[in-house]
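Written below as structure tokens is the structure these notes are about.
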Amino acid sequence: MWHHPCGCTVIAQMATVLATLLPFPHRCMGQDLSEIPQVAGFTFVKTETIRYSEILGGRTTHSERAVKVYRLNRFGTMLGIAADELGKDHGRLYYDSEFVLLPLDWKSIETRVGSPVYEFRRDPDEEQHFATITPCLFARSEMTQRLYNQVAPSAARRSRFAAPLNPVDSVSYAEAAQFARDFGLHIPNEATWEFACRGGSRTPFWTGDLLRTTEANFNGVFPYSESPDPRGYSHHKTTEIASFPANPHGLFDTHGNVAEYCESSRHPETGDTVVCRGGGWDCPASSCRSASRWVVDKSATSWSLGFRVYFPLKGNE
């Protein structure tokens, strides 16, 4: 379902204006983060202030948001963090062991997912609908090779771009799901993944109406417009996690790097297929949109396909 962008720039600009005018019920600001929920198997690390920028109709806005960060104890131990240091802030060194509490205020919300009919380069299977998002801990990064390698070394060695902090690639859905189960985790469902990716945005990307190659690892030859991004380029491979800015939820690489497996209940696929979201390093910007979906065989593997995990709370499975 990857496709190169083409069409009218005016349409894309009109879509941006309409998106800023239409109500989008889940954009929440100023949450009370004074209470720190305790979660078995996880250690609270910090409340982090995320600063981010969005481009809306040619204007750049700057905002910030506070998120609660936890560490999965078993991941921390696998990475060599001492038990008495699991709750310490180690900076970007151990981002792959960290999770963010979503929604930010620990309450279930109803939110709109999918794309509006006027969104540039949308696909027919992205129709908008409301979904209930209940609390969860969502991995800050895609699964790294250094973590995956400790559980499934033979599979991890298949990764095309071998590097400890690069996301694992070339793993099947069954392998990803089994890894998640081994740790009591899950592959995210589509609605929760999209909510996490958007970070409260109502535009094609959490960055606004454009995605630049300074913000994500994708194929910069095909930007989200008719005019090439003057800064556009391609890495031609995966990059280390957290090489680009975090989104408003404190998550890294929700656009690009590797596409991520998701569970789907909205469009039940056949037993042999699964949905992927987020796009990869070799994808055009349009395929990295928050609402973009890609259906693949469960047995398929790809150099631009990996996964992320999450831990559902209060029945959000």
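The values are calculated or read from the model by the stated rules, or taken from the named source; none is laboratory data. All values derive from a computational prediction rather than experimental measurement. FYI the Cβ positions are ideal-geometry reconstructions off the backbone, even for glycines, and counts take in every protein chain you see.
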Among the candidates Phe138, Phe161, residue that is more than 26 Å from Pro312 (Cβ to Cβ) and of a type in the set (Phe, Trp, Tyr): Phe161
Restricting segment 39-85 to residues that are closer than 16 Å to Leu102 by Cβ, modelled with pLDDT of 95 or more and among the aromatic types (Phe, Trp, Tyr), the residue that is surrounded by the fewest Cβ atoms within 10 Å (Cβ to Cβ): Phe44
Residues of segment 133-177 classified as touching a residue at least 24 places away in the same chain (Cβ under 8 Å) and within 30 Å of Val113 (Cα to Cα), total: 23
Strands (runs of 3 or more DSSP E) fully within segment 107-213 counting 2 or more residues that are over 27 Å from Gly57 (Cβ atoms): 129-133, 136-139
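One line per residue, one yes/no per condition, for (1) buried (at least 21 other Cβ atoms within 10 Å of the Cβ); (2) in contact with a strand residue (DSSP E or B) (Cβ under 6 Å, 6 or more places away or on another chain); (3) modelled with pLDDT of 95 or more; (4) basic (Lys, Arg):
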{"position": "Ser201", "(1), (2), (3), (4)": "yes, no, no, no"}
{"position": "Phe205", "(1), (2), (3), (4)": "yes, no, yes, no"}
{"position": "Gly208", "(1), (2), (3), (4)": "yes, yes, no, no"}
{"position": "Leu211", "(1), (2), (3), (4)": "yes, yes, no, no"}
{"position": "Ala216", "(1), (2), (3), (4)": "yes, yes, yes, no"}
Filtered residues of segment 276-309 (kept if touching a helix residue (DSSP H, G or I) at 6+ places or on another chain (Cβ under 6 Å), assigned to a loop (DSSP other than H, G, I, E, B) and not aromatic (Phe, Trp, Tyr)): Gly279, Ser290, Ala291, Lys298, Val309
Test: residue in segment 117-124 that is touching a residue at least 12 places away in the same chain (Cβ under 8 Å), within 23 Å of Phe252 (Cα to Cα), touching a helix residue (DSSP H, G or I) at 6+ places or on another chain (Cβ under 6 Å) and not small (Gly, Ala, Ser): no
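Would you mention how many residues in segment 221-242 are touching a helix residue (DSSP H, G or I) at 6+ places or on another chain (Cβ under 8 Å) and either closer than 19 Å to Trp294 by Cβ or at pLDDT below 95 (or both)? Show your work before the answer.
Within segment 221-242, the subset touching a helix residue (DSSP H, G or I) at 6+ places or on another chain (Cβ under 8 Å) is 222-227, 241-242.
Those left that are additionally either closer than 19 Å to Trp294 by Cβ or at pLDDT below 95 (or both): 222-227.
Qualifying residue count, segment 221-242: 6.
Determine if segment 9-26 includes at least one residue that is under 25 Å from Val309 (Cα atoms) and at pLDDT 80 or above. Give the derivation first.
Filtering segment 9-26 for residues under 25 Å from Val309 (Cα atoms) gives 26.
When the remaining residues are screened for being at pLDDT 80 or above, the result is none.
No, that holds for no residue.
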